[in-house]
Structures are given as C-alpha cells and as structure tokens.
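S.K.: This is the structure I have questions about; it appears just below.
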Amino acid sequence: MAKDWFEWHELYQTEDVLQQRLEIVRKYISDSLDAASEGTIQVVSACSGDGRDLLGVLATHPRVKDVRARLVELNPQLVERGREAIAQLGLTEQIEFINGDATLTSSFAGAVPADVVITCGIFGNLPDEEVLQQLIRNLPYFTKKGGFVLWTRGHRDGVNYSERVRQIFQESQFTEVDFQLTATGNMGIGRHRFEGQTLSEPIDEQFFVFTGNPEKAGLLVSPS
C-alpha cells in the first residue's frame, strides 16, 4: 500500500480506476476551457497532486495561451514534479504551483474567482458531510458566475456517495452539466456550473479539513 501521497500517485501507472478517472477529469477540463469566453481563462486547483489532470490537457489544448492557473499542493515532491512539467510545457509565466495548504482560502487569494475550479480527490477525504457542505458553501468565493467546478467521489461498500454530493451542489446554486461513473463503477466524476453571485470574501478561512490517509487508500483508492 502507498506510504505517502507521492507514492500513491504512482498508482496512476497501474490502477484502472485512477486511469479512468483521470481521462474523464481531463475531458471535463478541456470542455470547460472550450466553453470559456474569449480572453484570459482563470483556473485554480486544490490538492493538485502533480497537476497531471490540468497539465495533461494544456499540453495540446488550443486555448493554452489564454490560461492562467494556480495549483496548490502540500506534498513537496509532487509540487516539484508538477513544476518540472510546467517548465517542459513552457508555461512558467502562466501557471504557478504553490507548495502550501489547500484547505486555506488565503492560498488562493489573487487567483479567484476562477472560470474553472478543480476539487478532484478531495470529497472522499473529508471527515463528514458537514465539512463537505462547508466546502461547497465556500465555492461561490472561488467561482465566477457561469464558471465550472469539477469534482470526484468514490463509492464503497455499496454506497453511492456521489448522489449526495450532486444534491448538495444542486442546493447551492450550481447546475449539473456532466456526471459520469468510471467503467469500474466505483468512482463518480462531476462538473457543475455556478449560477449564483460570486462572493467577494470567503465564508470560512479554512474551508475544509483534509483527513485522507494514503496508507488506507491503497489499491482501493480512497473514496475521493
């Protein structure tokens, strides 16, 4: 089993559910960039890993030069690998990769509200539904009106956790644009458009608590 999140990300090389999830997330990112208005496209990503979802899209997307992004990740090895990928793509002037705490709204100050908000790999690593609701309640600070939020949520022990996530988004001025299960059937990926008014200030300074443990995630992949 994975001992840390850097090692956990190596499972993308072998685990079908992670590969399938990544493919769908990249499609949703690409579709969101396609839908953006002319001009700069602002993107933020929380708990970004090595940024392979966004960077994999930008490698070939026709609007790559319009993108300005901030990625936030706590694991320094993943950040370093992501920064190397950004340099190889020639995007160091457009993409900043911060080694910091993605649970703090201050980590995103100056980069929000965004056209695309990536919260993949987070929802299944929260302590309870109350924190999930808190996180989604703060998303209007991160998201422009008409912008997109992307998320993932695993299923375990026969429980379809994605359905509750979809309900909370619907109750929070977000409209579902896309939802798909991986072929393995145990991971949901969603994309919602924000229909409300963007908040000028966050509701909470720390808008979620991350309790995920890569040792527990193992090959099952934590329901994230």
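S.K.: Look at segment 62-87 and say how many of its residues are of a type in the set (A, V, I, L, M) and farther than 20 Å from Ala114 by Cα. Outline the logic, then answer.
M.R.: Taking segment 62-87 as the starting set, the residues that turn out to be of a type in the set (A, V, I, L, M) are 64, 67, 69, 71-72, 74, 78-79, 85-87.
Next cut, farther than 20 Å from Ala114 by Cα only: 74, 78-79, 85, 87.
Of the residues in that region, 5 qualify.
S.K.: If a residue must be in contact with a strand residue (DSSP E or B) (Cβ under 7 Å, 6 or more places away or on another chain), of a type outside the set (Val, Ile, Thr) and assigned to a helix (DSSP H, G or I), how many such residues does segment 62-101 contain?
M.R.: 4
S.K.: Name the pairs: first residue in segment 152-178 and among the charged types (D, E, K, R), second residue part of a strand (DSSP E or B), Cβ to Cβ under 6 Å, at least 6 apart or on different chains?
M.R.: Taking only residues 6 or more apart or on different chains, the pairs are Arg153/Gly188; Glu176/His192; Asp178/Arg191.
S.K.: Given the condition among the β-branched types (Val, Ile, Thr), out of contact with any Lys or Arg (no Cβ under 8 Å at 6 or more places or on another chain) and in a loop (DSSP other than H, G, I, E, B), answer yes or no: does some residue in segment 175-193 qualify? Don't jump to the end; show me each part of the working.
M.R.: To start, the set of residues in segment 175-193 that are among the β-branched types (Val, Ile, Thr) comprises 175, 177, 182, 184, 189.
Going one step further and asking which of them are out of contact with any Lys or Arg (no Cβ under 8 Å at 6 or more places or on another chain), we end up with 184.
After this cut, where a residue has to be in a loop (DSSP other than H, G, I, E, B) as well, the list is 184.
Yes: segment 175-193 contains one or more residues that are among the β-branched types (Val, Ile, Thr), out of contact with any Lys or Arg (no Cβ under 8 Å at 6 or more places or on another chain) and in a loop (DSSP other than H, G, I, E, B).
S.K.: Here are the criteria: (1) free of Cβ contacts under 8 Å to residues at least 60 places away in the same chain; (2) in contact with a strand residue (DSSP E or B) (Cβ under 8 Å, 6 or more places away or on another chain); (3) closer than 17 Å to Ala69 by Cα; (4) not acidic (Asp, Glu). Tell me which single one Ala111 does not satisfy.
M.R.: Just one mismatch for Ala111, condition (1).
S.K.: Restricting to segment 18-37, name every residue that is touching a helix residue (DSSP H, G or I) at 6+ places or on another chain (Cβ under 8 Å) and in a loop (DSSP other than H, G, I, E, B). Show your work before the answer.
M.R.: Applying the first criterion (touching a helix residue (DSSP H, G or I) at 6+ places or on another chain (Cβ under 8 Å)) to segment 18-37 yields 18-19, 22, 25-26, 29-30, 33, 36.
Matches in segment 18-37: Ala36 only.
S.K.: Filter segment 154-179 for residues that are of a type in the set (Lys, Arg) and modelled with pLDDT of 95 or more and give the result.
M.R.: Arg164, Arg166
S.K.: Would it be correct to say that Ala59 is among the aliphatic types (A, V, I, L, M) and either surrounded by fewer than 16 Cβ atoms within 10 Å (Cβ to Cβ) or under 13 Å from Ile118 (Cβ atoms) (or both)?
M.R.: Values: among the aliphatic types (A, V, I, L, M): yes; either surrounded by fewer than 16 Cβ atoms within 10 Å (Cβ to Cβ) or under 13 Å from Ile118 (Cβ atoms) (or both): yes.
It is true that Ala59 is among the aliphatic types (A, V, I, L, M) and either surrounded by fewer than 16 Cβ atoms within 10 Å (Cβ to Cβ) or under 13 Å from Ile118 (Cβ atoms) (or both).
S.K.: Using the structure shown, decide if Pro140 is more than 23 Å from Ser162 (Cα to Cα), in contact with a Leu (Cβ under 9 Å, 6 or more places away or on another chain) and not charged (D, E, K, R).
M.R.: Working: more than 23 Å from Ser162 (Cα to Cα): no; in contact with a Leu (Cβ under 9 Å, 6 or more places away or on another chain): yes; not charged (D, E, K, R): yes.
Spelling it out, it is not the case that Pro140 is more than 23 Å from Ser162 (Cα to Cα), in contact with a Leu (Cβ under 9 Å, 6 or more places away or on another chain) and not charged (D, E, K, R).
S.K.: Sticking with this structure for a sec: Taking segment 128-171 on its own, how many of its residues are of a type outside the set (Gly, Ala, Ser), part of a loop (DSSP other than H, G, I, E, B) and exposed (fewer than 15 other Cβ atoms within 10 Å of the Cβ)? Step through it out loud before you land on a result.
M.R.: Step one: filter segment 128-171 for residues of a type outside the set (Gly, Ala, Ser), giving 128-145, 148-153, 155-157, 159-161, 163-171.
If we keep only those that are part of a loop (DSSP other than H, G, I, E, B) too, we end up with 128, 155, 157, 160, 171.
Keeping just the survivors that are exposed (fewer than 15 other Cβ atoms within 10 Å of the Cβ) gives 128, 157, 171.
Adding up the residues that qualify gives 3.
S.K.: Return the pairs, sorted by first residue and then second, in which the second residue is among the small types (Gly, Ala, Ser) and surrounded by fewer than 23 Cβ atoms within 10 Å (Cβ to Cβ), the first residue lies in segment 48-75 and is under 10 Å from Leu91 (Cα atoms), the beta carbons are less than 6 Å apart, and the residues are 6+ apart or on different chains.
M.R.: Hits for this filter: Leu55/Ala85.
S.K.: Pull up segment 192-219, narrow it to residues that are modelled with pLDDT of 90 or more and of a type in the set (A, V, I, L, M), then point me to the one that is nearest to the chain's Cα centre (by Cα).
M.R.: So, considering only residues that are modelled with pLDDT of 90 or more and of a type in the set (A, V, I, L, M), the one nearest to the chain's Cα centre (by Cα) is Val209.
S.K.: Next question. Would you be able to say whether some residue in segment 91-103 is touching a Cys at 6+ places or on another chain (Cβ under 6 Å), of a type outside the set (A, V, I, L, M) and surrounded by 21 or more Cβ atoms within 10 Å (Cβ to Cβ)? Walk me through how you get there before you give the answer.
M.R.: Kept after step one, since they are touching a Cys at 6+ places or on another chain (Cβ under 6 Å), are these residues of segment 91-103: 102.
In the following step, the residues that additionally are of a type outside the set (A, V, I, L, M) were identified as none.
Taking every residue of segment 91-103 in turn, none turns out to be touching a Cys at 6+ places or on another chain (Cβ under 6 Å), of a type outside the set (A, V, I, L, M) and surrounded by 21 or more Cβ atoms within 10 Å (Cβ to Cβ).
S.K.: While we're looking at this one, here's another question. Every residue in segment 124-143 that is in contact (Cβ under 8 Å) with a residue 60 or more places away in the chain and touching a Ser or Thr at 6+ places or on another chain (Cβ under 6 Å), please.
M.R.: Passing the criteria: Gly124, Asn125, Pro127.
The values are calculated or read from the model by the stated rules, or taken from the named source; none is laboratory data. Remember, it's a predicted structure, so these values are computed and weren't measured experimentally. Please note: Cβ atoms are built from the backbone with ideal geometry, for glycine as well, and neighbour counts cover all protein chains shown.
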